[in-house]
Amino acid sequence: DGGITQSPKYLFRKEGQNVTLSCEQNLNHDAMYWYRQDPGQGLRLIYYSQIVNDFQKGDIAEGYSVSREKKESFPLTVTSAQKNPTAFYLCASNSGNADTQYFGPGTRLTVL
Amino acid sequence: QKEVEQNSGPLSVPEGAIASLNCTYSDRGSQSFFWYRQYSGKSPELIMFIYSNGDKEDGRFTAQLNKASQYVSLLIRDSQPSDSATYLCAVNRSRGSTLGRLYFGRGTQLTVWP
């Protein structure tokens, strides 16, 4: 069953803690993306990766970090430097010869 | 100026009516245009994409693109209560390439009442 999976679905974090959100895809897609969505807002790009071992900052990369060690996986770490991390985080991917992005189910992060 | 702008709505239409959702974009070199539907608490799902000027129809959905006016729209015919969602417009400056990235509008909230 192909698709994009994100875990966990809900995540609670105490202030000052780093947390890592998982994103896995078995679609053999080259490019992967992380977006953040706040209530009433559109999607804002955090980081993206076009190939393994390479990634670029998006519009709001401060306080976040990523890695792309495998084609299938693109984890996002929300660091303590991110001042307002409570949001809905969405991972997406697309294949090398298409620009249509498909989304995972998302992770809702809440800072307590 | 924002890359992609949408009327935030909310847009409310009766069941069976045509819902019209609009989007404008700032980069005249944009090549690919997408409409996503997002139900409350869920992730966006792709409804349609369009590359060329004119209309593209898929079932009850029609995407319209006018590159000269930098305008893309989505028409939903015979609207159903299940169409109630937020509709996101997205634009890619390049076509068929991972070098491009999507720019999203804030979305238009649509409510279809019985």
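Tell me yes or no: at least one residue of the stretch B:56-68 is in a loop (DSSP other than H, G, I, E, B) and within 23 Å of A:Ala92 (Cα to Cα). Checked against the condition, which is being in a loop (DSSP other than H, G, I, E, B) and within 23 Å of A:Ala92 (Cα to Cα), the stretch B:56-68 yields no hits at all. Here A:Thr100 meets the list (1) closer than 28 Å to B:Ile47 by Cα; (2) touching a residue at least 24 places away in the same chain (Cβ under 8 Å) almost entirely, failing just condition (2). Out of curiosity, is A:Val19 surrounded by 14 or more Cβ atoms within 10 Å (Cβ to Cβ), away from chain B (no Cβ under 14 Å) and touching a Lys or Arg at 6+ places or on another chain (Cβ under 6 Å)? Yes. Selection of the stretch A:86-112 for residues being at pLDDT below 95, within 7 Å of another protein chain (Cβ to nearest Cβ) and not in a strand (DSSP E or B) yields A:Gly96, A:Asn97, A:Ala98, A:Asp99, A:Thr100, A:Gln101. In the stretch B:27-60, of all residues being of a type in the set (Ser, Thr, Tyr) and touching a Leu at 6+ places or on another chain (Cβ under 6 Å), the one that is surrounded by the fewest Cβ atoms within 10 Å (Cβ to Cβ) corresponds to B:Ser43.
Just the residues that are more than 19 Å from B:Tyr71 (Cα to Cα) and among the aliphatic types (A, V, I, L, M), please, taken from the stretch B:9-23. Matches in the stretch B:9-23: B:Val13, B:Ala17.
Residue by residue through the stretch A:22-58, note down the ones that are at negative phi, part of a loop (DSSP other than H, G, I, E, B) and either more than 12 Å from chain B (Cβ to nearest Cβ) or surrounded by 13 or more Cβ atoms within 10 Å (Cβ to Cβ) (or both). Across the stretch A:22-58, the qualifying residues are A:Asn26, A:Leu27, A:His29, A:Asp30, A:Gln41, A:Gly42, A:Val52, A:Gly58.
Here is a check on your reading of the model: is A:Leu90 buried (at least 18 other Cβ atoms within 10 Å of the Cβ), out of contact with any Pro (no Cβ under 9 Å at 6 or more places or on another chain), among the aliphatic types (A, V, I, L, M) and touching a residue at least 40 places away in the same chain (Cβ under 8 Å)?
Answer is no for this residue.
A quick yes/no check of all residues on (1) at pLDDT 95 or above; (2) within 12 Å of the chain's Cα centre (by Cα):
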site	(1), (2)
A:Asn18	no, no
A:Asn28	no, no
A:Arg36	yes, yes
A:Gln41	no, no
A:Ile46	yes, yes
A:Ser49	no, yes
A:Asp54	no, no
A:Gly58	no, yes
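Put simply, of B:Ser73, B:Ser12, B:Ser82 the only residue that is at pLDDT 95 or above, over 29 Å from A:Ser49 (Cβ atoms), within 11 Å of the chain's Cα centre (by Cα) and outside any loop (DSSP other than H, G, I, E, B) is B:Ser73. Residues in the stretch B:25-52 that are more than 14 Å from chain A (Cβ to nearest Cβ) and modelled with pLDDT of 95 or more: there are none. For the stretch B:93-101, the condition holds for no residue, the condition being that it is within 15 Å of the chain's Cα centre (by Cα) and surrounded by 14 or more Cβ atoms within 10 Å (Cβ to Cβ).
Summed over the stretch B:37-68, the residues that are free of Cβ contacts under 8 Å to residues at least 24 places away in the same chain and not hydrophobic (A, V, I, L, M, F, W, C) give a count of 16.
The values are calculated or read from the model by the stated rules, or taken from the named source; none is laboratory data. These numbers come from a predicted model, not from an experiment. Ideal geometry is used to build each Cβ from the backbone, glycine not excepted, and the neighbour counts take in all protein chains shown.
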